[in-house]
1. Given the conditions (1) open to solvent by 50 Å² or more (accessible area, probe 1.4 Å); (2) at pLDDT below 95, report the number of the one that residue 62 does not fulfil.
2. Being without any contact (Cβ under 8 Å) to a residue 40 or more places away in the chain and either closer than 18 Å to residue 29 by Cβ or part of a strand (DSSP E or B) (or both) is the filter here; which residues of region 65-92 pass it?
3. List every residue pair whose Cβ atoms sit under 9 Å apart, with the two residues 6 or more apart in sequence or on different chains, where the first one lies in region 47-63 and is assigned to a strand (DSSP E or B) and the second, anywhere, is aromatic (Phe, Trp, Tyr).
4. Hey, could you check region 25-56 for residues that are over 18 Å from residue 91 (Cα atoms) and hydroxyl-bearing (Ser, Thr, Tyr) and say which is least open to solvent (accessible area, probe 1.4 Å)?
5. Which of the residues spanning region 74-109 are surrounded by 17 or more Cβ atoms within 10 Å (Cβ to Cβ) and either over 18 Å from residue 50 (Cα atoms) or among the hydroxyl-bearing types (Ser, Thr, Tyr) (or both)?
6. Answer yes or no: is there a residue in region 30-40 that is farther than 16 Å from residue 105 by Cβ, under 10 Å from the mean Cα position of the chain (by Cα) and assigned to a strand (DSSP E or B).
7. Go over the candidates 106, 65 one by one and state the one that is farther than 22 Å from residue 47 by Cβ and in contact with a Phe, Trp or Tyr (Cβ under 9 Å, 6 or more places away or on another chain).
Amino acid sequence: MPRRKLHLAWALLGAAFGSGVHAAGGTQVLPWHTRGEVLEYRACGCADSCWVAQVRSVRTKVLKARLRCDCERLFYRPGPREPERVVSQRCEPNDSSDKSQAISQALERLRVTAR
C-alpha cells in the first residue's frame with residue numbers, strides 16, 4: 001500500500017475510534033497536557049480491566065511514570081529506576097464513565113505527591 005494511502009487509513013481509523021489516537025500493537029494515546037510528554041494506554045485483558053498507562057518523553061521515549069491495573073489492584077511506578085508500588089486495592093479508573101480522563105487525573109495526582 002502506498003505511503004499516502006496508509007496515512008489516510010490510519011487517520012480514518014483514528015477518527016472512527018474517537019479522540020484517542022491508536023498506534024500499532026493496540027497502544028492508544030490518552031489526553032495529557034505536559035509539553036514534551038505523551039500518555040500511552042494499552043489493555044492487557046480482563047475485559048479491559050487489565051491495562052498499563054505510561055507517561056514517556058516524546059523525544060527520548062524514556063519512561064516518566066507508569067500506572068497499571070492487574071484486574072484488581074492499582075500499581076504506580078514514578079520513573080524508570082523507582083520500584084513499583086500498590087497505590088490502591090481496586091482500580092478506581094475502571095469505575096469511571098470517562099476512563100481515559102480518570103487515568104490521566106490519577107497519574108497527575110500521583111506524580112505531584114511523588115515529588
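The values are calculated or read from the model by the stated rules, or taken from the named source; none is laboratory data. Only a predicted model underlies this, so the values are computations on that prediction, with no experimental measurement involved. FYI the Cβ positions are ideal-geometry reconstructions off the backbone, even for glycines, and counts take in every protein chain you see. Accessible surface areas use protein heavy atoms only, side chains included; no ligands, DNA or RNA. Shrake-Rupley method; radii C 1.70, N 1.55, O 1.52, S 1.80 Å.
1. The single condition residue 62 does not satisfy is (2).
2. Once the filter is applied, which keeps residues that are without any contact (Cβ under 8 Å) to a residue 40 or more places away in the chain and either closer than 18 Å to residue 29 by Cβ or part of a strand (DSSP E or B) (or both), region 65-92 yields 66, 68, 69, 70, 74, 75, 76, 77, 85, 86, 87, 88.
3. Once the first residue is assigned to a strand (DSSP E or B) and sits in region 47-63, its partners that are aromatic (Phe, Trp, Tyr) give 51/41; 52/41; 53/41; 54/41; 55/32.
4. Out of the qualifying residues, it is 27.
5. Scanning region 74-109 gives 76, 78, 100, 104.
6. Yes, region 30-40 has at least one match.
7. 65
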